[in-house]
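Chemist: Handing you this structure, nothing more for now.
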Amino acid sequence: MKKIVAFPFRSQKALMHPESRQMLLDAGFEIVANETGAALPADQQKEMIKDAYAIVAGTEKYDAAMLEGCDNLKAVIRFGVGTDNFDLKTMKEKGIEVGVIANHDSVAEFAMMLLLSAMKNAPRLDRDVRQGKWARYPQKELTGKTVGIIGFGRIGRRLAEMLQGFKVNLLAYDPYLNEEKAAELHAKAVTLDELLEQSDVVSLHLPHTPETDHMCNADFFAKMKDGAYLVNTSRGKLVDEKALVAALESGKLSGAGIDVYEVEPVTPDNPLFKVENTALAPHCAALSYETNYNGAIVCAQSIINVLNGEKPVNPLF
């Protein structure tokens with residue numbers, strides 16, 4: 001009987017490159033996939049994964065109840081880097097190998113794009129020109145500014161590398177910050193309050209946890225430098241959107257670049273739609289062709305590694 005690889009996530013058909021599927025087939029796996037184009041109800045997801053050897057996972061939940069009875073399961077590979085939908089404790093207890101892909105180039109580039117778009121008022125300029133208007137909005141230069149990066153993992157460090165050419169003053173805050181790695185990227189390790197007080201731009205690169213939930217609240221924005229910008233390509237629930245809107249409307253912040261939201265997909269009543277000094281995107285920072293291709297290959301190779309008694313390409317533990 002062939003070992004099963006389950007693809008329950010709704011966008012797998014578009015994201016999983018045929019080459020990666022062929023790798024799994026050549027390794028002797030049978031593929032079972034969600035072909036509906038929609039998220040599966042929990043009971044259908046559980047039915048799909050119950051006999052699986054490996055799962056390529058999206059944002060659907062894998063808690064203790066979902067994993068109960070999955071006695072053949074040896075690997076869960078996240079097509080992404082966020083694992084807030086995973087019960088990692090249960091997975092570790094069950095001896096399930098867990099891995100992720102690498103999307104640091106794509107997300108860091110997108111953060112840079114949102115940063116520059118907000119500072120240059122690009123969304124409003126584009127909209128007005130298309131409407132036949134010749135309005136000119138104030139712009140700010142990034143060169144010589146202070147950029148604070150909160151969360152100095154792979155994405156935060158990659159953004160720091162990209163910023164070198166702008167001759168910025170780099171600050172970094174991370175509870176687990178390696179100061180030597182920060183210094184190699186010409187970033188100064190500081191406290192969170194110091195970063196907020198000094199930064200012209202603050203870019204978020206943290207996971208969503210109980211500790212980081214709504215960390216960007218009214219008090220957070222009050223501590224930020226007057227006229228600063230916020231960029232968020234990590235998790236929407238890091239930010240209290242009502243507090244962000246208040247900071248933007250009051251002029252405390254000059255603008256924001258946002259790719260992730262408290263509730264997704266966004267609804268027409270999202271408060272961020274009321275303010276114009278924003279660059280908004282639909283949680284797509286990681287969706288480059290290169291990340292999708294490379295990520296699919298990493299997922300397949302990780303599962304093959306586990307079959308061969310090895311670790312996933314990017315193991316979590």
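The values are calculated or read from the model by the stated rules, or taken from the named source; none is laboratory data. Note that the structure is a prediction, hence the values are computed from the model and not measured. Please note: Cβ atoms are built from the backbone with ideal geometry, for glycine as well, and neighbour counts cover all protein chains shown.
Chemist: Which ones in the stretch 221-241 are closer than 21 Å to His208 by Cα and small (Gly, Ala, Ser)?
Modeler: Hits for the stretch 221-241 are Ser234, Gly236.
Chemist: Out of the residues in the stretch 11-33 that are modelled with pLDDT of 95 or more and in a loop (DSSP other than H, G, I, E, B), which is surrounded by the fewest Cβ atoms within 10 Å (Cβ to Cβ)?
Modeler: Gly28
Chemist: Among the listed residues Val260, Val266, identify the single one that is assigned to a loop (DSSP other than H, G, I, E, B), more than 15 Å from Ile150 (Cα to Cα) and touching a His at 6+ places or on another chain (Cβ under 6 Å).
Modeler: Answer to the selection: Val260.
Chemist: Still on this structure, I have one more. Quick one: which residue in Thr90, Thr59 is more than 22 Å from Ser288 (Cα to Cα), hydroxyl-bearing (Ser, Thr, Tyr) and not in a strand (DSSP E or B)?
Modeler: Just one listed residue meets the conditions, Thr90.
Chemist: Please give the number of the condition Ser203 fails out of (1) among the polar types (S, T, N, Q); (2) under 21 Å from the mean Cα position of the chain (by Cα); (3) surrounded by fewer than 15 Cβ atoms within 10 Å (Cβ to Cβ).
Modeler: The number of the failed condition is (3).
Chemist: Residues being within 25 Å of Gln198 (Cβ to Cβ), in contact (Cβ under 8 Å) with a residue 24 or more places away in the chain and either crowded, with 18+ Cβ neighbours inside 10 Å or not charged (D, E, K, R) (or both): count how many of those fall in the stretch 114-145.
Modeler: Residues in the stretch 114-145 being within 25 Å of Gln198 (Cβ to Cβ), in contact (Cβ under 8 Å) with a residue 24 or more places away in the chain and either crowded, with 18+ Cβ neighbours inside 10 Å or not charged (D, E, K, R) (or both): 11 in total.
Chemist: Which is under 24 Å from the mean Cα position of the chain (by Cα), more than 17 Å from Thr233 (Cβ to Cβ), among the small types (Gly, Ala, Ser) and outside any loop (DSSP other than H, G, I, E, B), of Gly156, Gly99, Gly148?
Modeler: Answer to the selection: Gly99.
Chemist: Still on this structure: Of the numbered conditions (1) of a type outside the set (Phe, Trp, Tyr); (2) assigned by TED's automatic domain parsing to the domain that holds Leu230; (3) under 17 Å from Leu24 (Cβ atoms), Gly295 fails exactly one; give the number of that condition.
Modeler: With respect to (1) of a type outside the set (Phe, Trp, Tyr); (2) assigned by TED's automatic domain parsing to the domain that holds Leu230; (3) under 17 Å from Leu24 (Cβ atoms), Gly295 is out only on (2).
Chemist: Restricting the stretch 80-89 to residues that are modelled with pLDDT of 95 or more and not aliphatic (A, V, I, L, M), which is surrounded by the fewest Cβ atoms within 10 Å (Cβ to Cβ)?
Modeler: Selected residue: Lys89.
Chemist: Another question, if that's okay. List, please: which pairs have Cβ atoms under 6 Å, are six or more places apart or on different chains, and start with a residue in the stretch 269-293 that is closer than 17 Å to Ala111 by Cα and end with one that is in a strand (DSSP E or B)?
Modeler: Close Cβ pairs (under 6 Å, with a partner that is in a strand (DSSP E or B)) amount to Asn277/Gly255; Thr278/Ala256; Ala279/Gly257; Leu280/Ile258.
Chemist: Looking at Ile4 and the list (1) part of a loop (DSSP other than H, G, I, E, B); (2) touching an Asp or Glu at 6+ places or on another chain (Cβ under 6 Å), which single condition is not satisfied?
Modeler: Here Ile4 meets the rest and fails (1).
Chemist: Could I ask something else about it? Of the conditions (1) outside any helix (DSSP H, G or I); (2) of a type outside the set (D, E, K, R); (3) buried (at least 17 other Cβ atoms within 10 Å of the Cβ); (4) modelled with pLDDT under 95, Ala182 clears all except one; give me its number.
Modeler: If we test Ala182 against (1) outside any helix (DSSP H, G or I); (2) of a type outside the set (D, E, K, R); (3) buried (at least 17 other Cβ atoms within 10 Å of the Cβ); (4) modelled with pLDDT under 95, just (1) comes out false.
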